[in-house]
Structures are given as C-alpha cells and as structure tokens.
1. May I ask you to rank Thr476, Thr233, Thr465 by accessible area, largest first, using a 1.4 Å probe over the protein chains only?
2. For region 270-338, which chymotrypsin sites (Phe, Trp or Tyr not before Pro) are in a loop by DSSP, counting at most 16 other Cβ atoms within 10 Å?
3. Just read off the accessible area of Asp368 with the full protein assembly in place, 1.4 Å probe, to the nearest 10 Å².
4. What is the calculated FRET efficiency for Arg336 to Lys137, with r their C-beta to C-beta distance and R₀ = 60 Å, to the nearest 0.05?
5. Round to the nearest 0.05 the FRET efficiency obtained for Glu162 and Ser304 when R0 = 22 Å and r is the Cβ-Cβ distance.
6. Compute the Kirkwood hydrodynamic radius of region 1-141, taking the inverse of the mean of 1/r over all pairs of distinct Cα atoms, and give it in Å to one decimal.
7. Enumerate by residue number the trypsin sites (Lys or Arg not before Pro) in region 97-171 meeting two conditions: DSSP loop (anything except H, G, I, E, B), and at most 16 other Cβ atoms within 10 Å of the site's Cβ.
8. Using a Förster distance of 22 Å, how high is the FRET efficiency between His35 and Glu95, based on the Cβ-Cβ distance and rounded to 0.05?
Amino acid sequence: MTADDLEDWARYGVSKELVRALFHGLRAGLFVVDHMGKILVVNPYAERLLDRPARQLIGADSHDLLHRNADGSPMPREDCQIWGAFSEGVYVRSEEAWFTRGSGGLVPVGQVVAPLPLGGEEDMGSVVLFYDLSRHKAVEHKQAAALAALEKLTDRLSLMAEISTVLASTLKVDEALRRLSRLLVPRLADWAIIDLLGPGGNGVDRVAVVVKQGRSGVEYKQWEGPLPAFPETSQAPMARVLRGGPAVLLGPEDLVERIDPEKERSVLRRRPYEELGAHSAIVAPLRTPRRVLGALTLARYETSPVYDSADLSLIGDIAGRAGLAVDNADMFEEQRRFASTTSHELRTPLAALRARLDEAVLYPADVDPRQTIKEVLTVVDRLKTIIDDLLVLARLRAGDPAAYEPIDVGALVTEEVAALAGGVPVHVDADRDVRVLGNRIQLIRVIDNLLINARRHAGTTVEVTVRRAEGSAVITVQDDGAGIAPQDRERVFEPFVRLDDSRRREPGGSGLGLSISRDIAHAHNGTLTTADSSCGARFVLRLPTTDRRPPAPGTPGSAPDRPVTHGDSRVEEA
C-alpha cells in the first residue's frame, strides 16, 4: 500500500492504523479466494480458529481443505453453496457450516461470502468472513437446558399442587390413595403400588395398583388385598422401608436381585415385577413424624428414563405427603370413635354416681352416709384415673415434645421388675447394653403397663426378655395365663376396650393402659404388638436402637428432642 493509496483512501476514513486493526484485530476469521477458490489472503484470527498456520492455508483449495458435512465427511462441490458463491461471484450467507481444523476436529461456523474484484471484471474473487458458532451453540444449549429445567420444575410444582388437592379431597384413605396412584401414572411411573401396614404393624394391605395404558392409568383391583408380613430378618427393600428405613432407588443392574432377595412367601409381592416388568423402581415410605404407615412403589419400563436421585427426592416427598394425609384421616376417624367411646365411658360412672347420690337424698333414713361416701369416692377415683389417662393420651397424640436420652432398656426393665411388690413372680433375661433414644418416664410407663397387665392374667409366672435384633431393641413380656383370642389381639389396644377377663380381675381400670403404651411406642418410632404364643399372652415392644451412650455423671450435655432411627435421613441434634 503506497502513500498515494492511503491519501486516496483517507477521504473514506481509512488510515494505516485502521487497516492494521481490521486485519489483525478483527474477532472473526477472514480469507480471500480467487475465482477458483484458492486462498490468497488469511488473517491471524483465521489461523487460530482453524488451528492452521497461514502457509498451510495460502494457495490451498478452500473447499477441499476446509468444507465438511456435520459428520466430518467430505462435501461434494455441487452441494456446496459457498463454492457456488466463489464460482458465480454472488453474495451468500450461511447460518451454519462446518470447517475442519488442523487438529482434525470440526468447528461449526457462521459465514458471509461476498464477491471481490481482484484486478478487473474478469478477475473476480471472494472474501469470506466467518465466526465460531461453538460459543453461540453453548449459550443456546445452556438456555435450552435452563428452559427445560424450568418447564420440568413448573410441571412438578403443578403435580405437587394436584397431589395436595387429591389428598385433601376425601377422608377415605383407600380412595385418596387410588386417586394419587392415577395421578402418578403415567406422569412419573409406568405402574404404581401403595401398601399400608396393618394395625400395629402386622401384615401389609395392598390398597392401590395402577398400570399405564395409553395416556392414562388403569386400576388392577384384582391385585389388591392383604399380603403376608415380612420376616423380621428380611432385607428386601420394602421390608427395610416399612421398618423405618429411607426411600430406596433400584436401578436396572440390581432390581431383580434386591427386590425380594429371600423370596419368602413373596408370590403376591413379586407379581407386578414378574408380570409387568420394571427397568428401575423407587420404594418410598409413607412416613409421619410418629410412625411409618406403608410404602409407595413406582416403577418404569425400559422405554422410560431410569429413575435418578432427583426422582428419589421428589417421590420421597410425595410419599411423605401421602403419609401425612393417611395419618390425618386415621386420626380423624380415631378421634371420632374416641370421642364417642369416651363419652360412653364417662357417662357410665357418672350415672352410677348420680344414682347413688339421688338415693342418699331421697331416702336418707335408709342410706348409710359413710358407705355412700366410700362408694362415691371409689367412682371419683375411677373418673380421675380415666381423665388422667385421657390427658396422657391427648399429649402423646398431639406430639408434645419430650426430652430424649440414651437409655439401656435392659437395665430399665430389670429395675422396674425389681421394684414390683409381691404377686406373681417375674423372671428377666436381658442382653446388656441395648440402648435406645427415649423419654425415660414414658418408657417406664410402657414397661409398667405391660408388667401389670401380664401379672394380672398370669397363672404362675411372667417371663420378660430384652434382645438386640436387626437394629431394634425387642422387649417381650409373656405370661402363662389364658392368652388373647386372635380376633381380640388388635382390639386390646383400642381405648377403653377391656375384655371380660380384665373387667373381672380389675374392675376399676381405665381401659387405656395398652392404648397409651402403643402410642408411646409410636412416639419413639417403634411398635407394640401381640405375637403368637403356645401359652398365655405375648406382647412385643420394638424400639430403634442407638449407638449413643449417656453422658458420664457430671458431664454437660443435652438430649435430642426426638428419637432417630438407624437408616433414617434425620440427623440427630446435639
């Protein structure tokens, strides 16, 4: 470029510095080709973008050297719009093309081709300006991913709102859970099952089975019904979830082996997996702060995405909401029955009290005042016992906070038995160092209730054992009396239920002892049930164990405000 050239270009605002900036500072690749497509000039940015030095580019056929299909294969000249621009001297804009780099990789580019006279009308070349689309694509992909995540979040928020509406729409537990299953299939699963624990944790009741058909779910009511209880030692995911463990994610590689490893009496439990198939599944507990009520199982076929940790969290939340809904419905029904039974139980002694006092007023000459007062005081004592027990029961069911501490239940049981006076002898066989997190006063009440009940019905002896088994402290209280009929084994835990033998042996009891004891067990994330026995009644109290030890005397420390079970996702607070 001569001084005369620069003077001539000056009127267009061109300077030596501008020319240098355009060529060296331009943040886009630039090269010039002749009418045959051979590269004549290339700028430094093109060298860097194409990972090729200028000496490899200048003189080379631009099409043969650079142009490729998106898969890296050579592009025929007749299919190349850019080559047409070179040969015909026309403008071309390409939104996406692919150039091969010196390293062998491909770079997506956007480009503009413009005709460029090189010394005469017949000597027409082209200038090619191109830029890297990778960054633009990365931004587009990021925006698309963010949009997809937002759409997924919106869909899940909508689903959670629908779930809340469905669960609040009825107090009929089975109907609410069926509606929930129909909502989850096919939006989150190809099939869904909901199982509820039986009263006291005995057995499992399958209350909902929904399978995807087309764009909706169809109920398989023929698969509903009672299932056998899991053995205590079962390591099946469902068994561990029902014992208080966290939600379980089962992938394709371990689904078959882990779903029911022992295959114990499991034909009904395995039926959906065997007849419907599953590529991945999630088993989540229907849990409340008080207890585990059942489990939600969702499964997907091979044609659906495999469940991941995000799905595990979402489905765990859904199962928790379902658990609260079931618990609320149960409590509503229980409170209704409780109110009706309580009014009856209180009305009976009050009626007797009123009749006795009326008799004393109407017939003073025929009534012994001292005897009347003595009888009235007996009735008042019974009323006071009932009211005190009702207050305890109300506090337990309201979830009032209680201080928990590590307790050696074997030592606690031994101490309570030693404090018994007279009556039927009680023999204790307790493992050492079986610790639970619990409220000492409440656990003493459970143990005393069970001991009093057992001695009341025993013939000659009561046997008590304390064992550690599968992460639980298992306390059994066995008497050698007449036992409890199978149909009455759950009834004895209902408020005010007193079998004929109990009324005969202790007419002044409140009928709330075993009900309170079960609620205390539930408050400690445990269970209280009756078990099979060859002789007499056998009560079994299960409480989750802890590795914590009580602080040494004089050591400062604070107890957690609630128990923490092994496998629970809750963190023990110091």
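The values are calculated or read from the model by the stated rules, or taken from the named source; none is laboratory data. Source: prediction; values computed, not measured. With ideal geometry, Cβ positions are generated from the backbone for all residues, glycine too; neighbour counts draw on all protein chains shown. Remember, those area values only see protein heavy atoms, side chains included, never the ligands or the DNA or RNA. Shrake-Rupley method; radii C 1.70, N 1.55, O 1.52, S 1.80 Å.
1. On the way: Thr476 10, Thr233 90, Thr465 40 Å².
Putting Thr476, Thr233, Thr465 in descending order of accessible area: Thr233, Thr465, Thr476.
2. On the way: sites: Tyr273, Tyr301, Tyr307, Phe332, Phe338; in loops: Tyr301, Tyr307.
Answer by residue number: Tyr301.
3. 90 Å²
4. Rounded to the nearest 0.05, the efficiency is 0.40.
5. Working: r = 20 Å, r/R0 = 0.92.
After rounding, the FRET efficiency stands at 0.60.
6. Details: mean 1/r = 0.0625 Å⁻¹.
Result for region 1-141 stands at 16.0 Å.
7. Values: sites: Arg101, Arg135, Lys137, Lys142, Lys152, Arg156; in loops: Arg101.
Answer in residue order: Arg101.
8. Values: r = 25 Å, r/R0 = 1.14.
Here the calculated transfer efficiency is 0.30.
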